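K.L.:
One structure coming up, written as structure tokens, with questions to follow.
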Amino acid sequence: MLKIQAVQAAFGDCFIVRYGTAAAPRFMLIDGGPKGNFNAHLKTALRQIKSAGHDLDLVVLSHVDIDHVAGLNDYLSGLRAGATNLPAAGALWHNSFSQTIAEGTDIESRFKSLMSVQGAQSIAHAGIAVQGVAEGHKLRLDAQVLQIPVNDGFPDGLILVDTAPNPITLDNLTITVVGPTEANLAELRKKWEKWLEENEDAVGRGDLGFLANSDNSVPNLSSVMFLIEGDGKTVLFTGDGRSDHLLDGLGQAGLLDSEGKLHVDVFKVGHHGSNRNVTKTFFRKVTANFYLISADGANDNPDFDTLKWIVEVAAEQSFVPTLLLTNSTPSLERLIQEFPPGNDSYLFKVLDSGNDWMTLDLS
């Protein structure tokens, strides 16, 4: 059995993987969505799991952005408060900011110092990023209090393609880590240092406007990415990772064919369908039967370009994909107008308004 439950997460990510057998199901939670998402949507799904007598084998935080970590913090806070109607967590995967981007540098202290300047945290993405770093730290502390193993079995407690063990087996499921790589992290550290240098100078001049104009360049893209396989089906989870980093990791893990391509059953499109993280060339290399996108139109996600590239590549390669979206957005409406869906082009399904999740059964 393999089912993917896409929980409504507004502009964030939240997924539950159900595997094992119908008689003995097992569960994995990937990300928790933004603030408020736990009470609005995730809590209901988790209570159902617990009421059926089950717990979570694994909880994965792809990275520390607030729209991925906040719901997980609310979940662990509930466990710490003694909630008996929530499933326990058997293990946590979570690469901290200090382990990845800030490892061996003064990036974290410089970033926190920059964000301590009055008015700096009100700048949209920068403020979200610093909140995410703090929330990620809290998640790790809560896991320690609850005695949940963190990154158990990974060398130095860090999830990397370079040092990851062989594919990890959970019942009928195998998990292969495909990101990040150490080379990806080294590149991102350089981008962070450049971003800090530019913004430290601007804030020193009292120019918070510069910080506002550069908010989208905060390179917090060190997502844990992995391929899961179960019952002959494959699902690729990417967090907010960049497509070039994903290709690096897939290649390093030996998952690309002789033409540098991979086809999966389900591809969770990175960074909520932002066109800053993907290219049309990438979609020619990584294709899927189902493209799963969690976004609600915030920050223009998913971008129209991203949806268009998926559909155009499918036409080039003569396959008919299905787009699975957690919300209807202006970009989807435009796609439908300019590229009408159908059995000879593409299909789509949107999570029904008012529902907490949609489920894709790959069994």
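K.L.:
For a quick protection proxy, order the peptides 93-100, 40-47, 337-344 by their average other-Cβ count within 10 Å, most packed first.
P.N.:
The peptides rank, most packed first, as 93-100, 40-47, 337-344.
K.L.:
Order of Leu72, Leu92, Leu188 from fewest to most other C-beta atoms within 10 Å? It would help to have the intermediate numbers written out before the result.
P.N.:
Numbers: Leu72 30, Leu92 24, Leu188 20.
Ordered by Cβ neighbours within 10 Å, fewest first: Leu188, Leu92, Leu72.
K.L.:
While we're on this one: Under the classification rounded if a/c is under 1.5, otherwise prolate if a/b is larger than b/c and oblate if not, where does the chain fall, given a ≥ b ≥ c as square roots of the Cα gyration tensor eigenvalues?
P.N.:
rounded
K.L.:
With +1 on each Lys and Arg Cβ and -1 on each Asp and Glu Cβ, and nothing else charged, work out how big the dipole of the chain is about its Cα centre, in Debye to the nearest 20.
P.N.:
Once rounded to the nearest 20, the dipole reads 640 debye.
K.L.:
Still on this structure: For a protection proxy built on the mean count of beta-carbon atoms within 10 angstrom, sort 147-156, 288-297 highest first, please.
P.N.:
288-297, 147-156
K.L.:
Given Gly20, Val69, Gln252, which one lies farthest toward the positive end of the charge dipole of the chain, if we put +1 on the Cβ of every Lys and Arg and -1 on the Cβ of every Asp and Glu?
P.N.:
Highest projection toward the positive end goes to Gly20.
K.L.:
May I pose another question? Going by C-beta contacts inside 10 Å, put Val59, Val311 in order with the fewest on the left.
P.N.:
Fewest-to-most Cβ neighbours within 10 Å comes out as Val311, Val59.
K.L.:
Which whole-number percentage describes the relative contact order of region 254-315, with Cα contacts under 8 Å and a sequence gap of 6 or more? Provide the component values of the computation, followed by the final result.
P.N.:
Numbers: 76 pairs, mean separation 23.4, N = 62.
RCO, region 254-315: 38 percent.
K.L.:
Here is a further query. To check you understand DSSP bridge types, tell me what percent of the beta bridges within the chain (both residues inside) are antiparallel, rounded to 5.
P.N.:
Once the DSSP bridges in the chain are tallied, antiparallel ones form about 55 percent.
K.L.:
I've got another one for you. Helix-only estimate, please: 222 nm mean residue ellipticity of the chain, summing -39500 (n - 2.57) across DSSP H runs of length 4 or more and dividing by its residues, to the nearest 500. Working shown, then result.
P.N.:
Numbers: 10 runs with 123 residues, N = 363.
Mean residue ellipticity, 222 nm, calculated: -10500 deg cm²/dmol.
K.L.:
Also, quick follow-up: Which listed residue (Gly136, Ala288, Leu42) has the Cα farthest towards the positive end of the charge dipole for region 2-361, taking +1 on Lys and Arg C-beta and -1 on Asp and Glu C-beta about the Cα centre?
P.N.:
Ranked along the dipole, the leading option is Leu42.
K.L.:
List, in the order given, every pair from Lys191/Lys261; Lys138/Lys191; Lys50/Lys268; Lys3/Lys43 whose Cα-Cα distance in the structure shown is over 22 Å.
P.N.:
Values: Lys191/Lys261 28 Å; Lys138/Lys191 25 Å; Lys50/Lys268 26 Å; Lys3/Lys43 19 Å.
Too far apart for the 22 Å limit: Lys191/Lys261; Lys138/Lys191; Lys50/Lys268.
K.L.:
Any idea what the relative contact order of the chain is, in percent, if you count C-alpha pairs under 8 Å spaced at least 6 apart?
P.N.:
RCO, the chain: 17 percent.
K.L.:
Using alpha carbon centroids, what distance separates region 29-55 and region 285-363, in Å?
P.N.:
Cα centroid to Cα centroid, the span is 25 Å.
No lab work stands behind these numbers, since they all come straight from the coordinates. Predicted model only: the values in this text are computed from it and were never measured. Here Cβ is always computed from backbone atoms with ideal geometry, including for glycine, and neighbour counts include all displayed protein chains.
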